[in-house]
Each structure stands twice: as structure tokens, then as C-alpha cells.
Amino acid sequence: NITMIGELDGQSSDRCMAIKTALEAGGISVQVVDNINVMMWEKFLGFACNATIASLTRSRAGVIARTIDGARFVSEVIGECAKVVTALGYPPLPAFNTAGIVAGVFSQPDSTYGPSLLIDMEEGRPTEGEHTVGDLAGRAVKAGISAPLLTAARCNLQAYEINRSNPK
């Protein structure tokens with residue numbers, strides 16, 4: 001739960017300091033960073049991994065951890081997503097260890113964690129799938145990168161939305 005803000009041009013600004021002051025007055029810890037684009041891609045990478053894993057399995061972290069191939073599947077999703085964001089110019093930051101965090105979340109057999117996308121699917125609501133997994137899958141295609149897991153997740157999410165919108 002790290003809240004980071006910053007200007008897109010990387011410059012320090014009075015605006016960011018005013019936002020930081022206001023949020024901290026409300027009890028929210030905030031860091032002003034000079035590389036907000038990198039930080040946003042790091043967060044996007046983590047969410048895309050979580051959403052891809054959960055949408056393809058339609059399962060929460062603990063269930064995936066208890067499967068024979070769960071750890072390998074999680075690793076392959078992380079690798080594929082990291083390959084795409086790296087090709088786009090935003091390689092994962094070792095200091096944040098996004099891959100390790102995602103792998104750790106999906107390695108806990110008693111975990112009930114599920115990303116918001118999965119919870120929306122469980123409850124029959126629209127998802128942000130096209131804006132997240134779909135976006136990264138589309139960027140992979142444009143960059144000429146093979147991303148079969150992202151493609152499968154996007155297809156799955158699109159089918160979910162079609163089925164949700166057209167009940168039998």
C-alpha cells in the first residue's frame with residue numbers, strides 16, 4: 001500500500017507537494033517520485049500478472065497454489081508479462097521485486113486473495129479486463145511479441161463479457 005505521485009515530466013512541482021500535504025493530513029502516506037511513469041508501469045505489471053493468472057484459472061491464489069502446475073503457470077505468466085513491458089521500455093525494477101511479490105501471493109495454499117477482476121467475475125459484474133490484460137495483449141501484438149497467455153486471458157475475458165451481456 002504505497003501511494004506515489006509525481007509529474008509525468010519527472011520535475012518537482014508545487015502541485016505534487018500540495019497533494020501530498022492534503023493526503024497526509026487525511027492519514028495517507030505519500031511519496032513524491034521523479035519517475036512516476038516507471039512506477040505506474042510497475043503497478044500495471046503486477047496487476048496484469050494477477051489478473052491474467054486469476055482470469056485464466058478463475059481461481060483465487062490459494063487454490064492455484066495447491067495445484068500441481070500452479071507455480072510453473074504463475075512463473076510463465078510473470079515472465080510473459082515482464083517480457084512485454086520490458087520490450088515497451090519499462091523493465092521491472094529489481095528493488096520492487098514485482099515478480100517475487102506476485103509469485104509469493106500465488107504460493108500460499110491458504111490464501112483467499114483474488115484480484116478485483118476475479119471478484120467482479122465471481123459476482124457477474126463487468127471487469128476492467130480489456131483496459132488491463134487487453135491493453136497489454138494489444139501492446140504485445142503491436143510490438144510483434146508473442147504473448148499466448150495474455151492472448152488467452154484476453155479471449156477469456158472477452159468471452160466472459162459477451163456471455164455476461166447475453167444471458168441464455
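With each pseudo-label sitting 7 Å past Cα toward Cβ, what's the THR67-LEU88 distance in nm, one decimal?
It is 2.4 nm.
What does the charge add up to near ARG154, with Lys and Arg as +1, Asp and Glu as -1, over the other residues with Cβ less than 13 Å from its Cβ?
-4
Relative contact order (percent) for the stretch 15-89, with alpha-carbon contacts under 8 angstrom and 6 or more residues of separation?
In percent, rounded to a whole number, it is 25.
Which part of the stretch 41-84 falls in the paramagnetic zone of SER107, meaning amide N under 11 Å from the point 7 Å along Cα-to-beta-carbon?
71-72, 75
Using a/c under 1.5 as the rounded threshold, could you call the stretch 119-168 rounded, prolate or oblate? The axes a ≥ b ≥ c are square roots of the C-alpha gyration tensor eigenvalues, and prolate needs a/b larger than b/c, oblate otherwise.
Verdict is prolate for the stretch 119-168.
What percentages make up the Cα-Cα pair-distance distribution of the stretch 23-87 when the bins are 10 Å wide from 0?
Over the stretch 23-87, the share of Cα pairs per 10 Å bin runs 18, 37, 24, 18, 2 percent.
Put +1 on the Cβ of every Lys and Arg and -1 on every Asp and Glu Cβ in the chain; which of ILE68, MET17, GLY27 then has its Cα farthest towards the positive end of the dipole?
Towards the positive end, the residue furthest out is ILE68.
Can you tell me how much longer the chain between ASP14 and SER29 gets when fully stretched, taken as 0.36 nm per residue apart minus their C-alpha distance, in nm with one decimal?
3.7 nm
Based on alpha-carbon centroids, what's the gap between the stretch 71-139 and the stretch 25-62 in Å, whole number please?
8 Å
Please report the relative contact order for the stretch 38-146, taking Cα pairs under 8 Å with a sequence separation of at least 6, and give it as a percent rounded to a whole number.
Computed value for the stretch 38-146: 38 percent relative contact order.
Could you name the lysines in cross-link range of LYS20, using Cα to Cα under 25 Å and dropping any fewer than eight places away on the same chain?
LYS43
Hey, got the dipole for the stretch 78-130? About the Cα centre, +1 on K and R Cβ, -1 on D and E Cβ, debye to the nearest 20?
Its charge dipole is roughly 300 debye.
Rounded, prolate or oblate, given the Cα gyration tensor of the stretch 83-125, with a/c below 1.5 counting as rounded?
Details: a/c = 3.88, a/b = 1.55, b/c = 2.50.
Judged from the Cα gyration tensor, the stretch 83-125 comes out oblate (a/c at least 1.5, b/c at or above a/b).
Classify the stretch 82-156 as rounded, prolate or oblate from the Cα gyration tensor: take a ≥ b ≥ c as the square roots of its eigenvalues, call it rounded if a/c is under 1.5, otherwise prolate when a/b beats b/c and oblate if not.
Judged from the Cα gyration tensor, the stretch 82-156 comes out oblate (a/c at least 1.5, b/c at or above a/b).
Between beta-carbons, use under 15 Å as the cut-off and find the net charge around LYS43, counting Lys and Arg +1, Asp and Glu -1.
Numbers: positive: none; negative: GLU42, GLU128, ASP135.
Every neighbour counted, the sum reads -3.
Can you give the convex hull volume of the alpha carbon atoms of the stretch 29-168 per residue, in Å³? Walk me through the intermediate numbers first.
On the way: hull volume 17.9 nm³, N = 140.
Roughly 128 Å³ of hull volume per residue.
Can you tell me the dipole magnitude for the stretch 26-168 around its Cα centre, using point charges on the Cβ only (Lys, Arg +1; Asp, Glu -1), in Debye to the nearest 20? Numbers along the way, then the final one.
Working: 12 positive and 13 negative charges, 56 e Å.
About 260 debye.
Values quoted throughout were computed directly from the atomic coordinates according to the rules given, and no laboratory measurement underlies them. Please read all numbers here as calculations on a predicted model, not as lab measurements. Glycine gets a Cβ as well: all are built from the backbone with ideal geometry, and neighbour counts include every protein chain shown.
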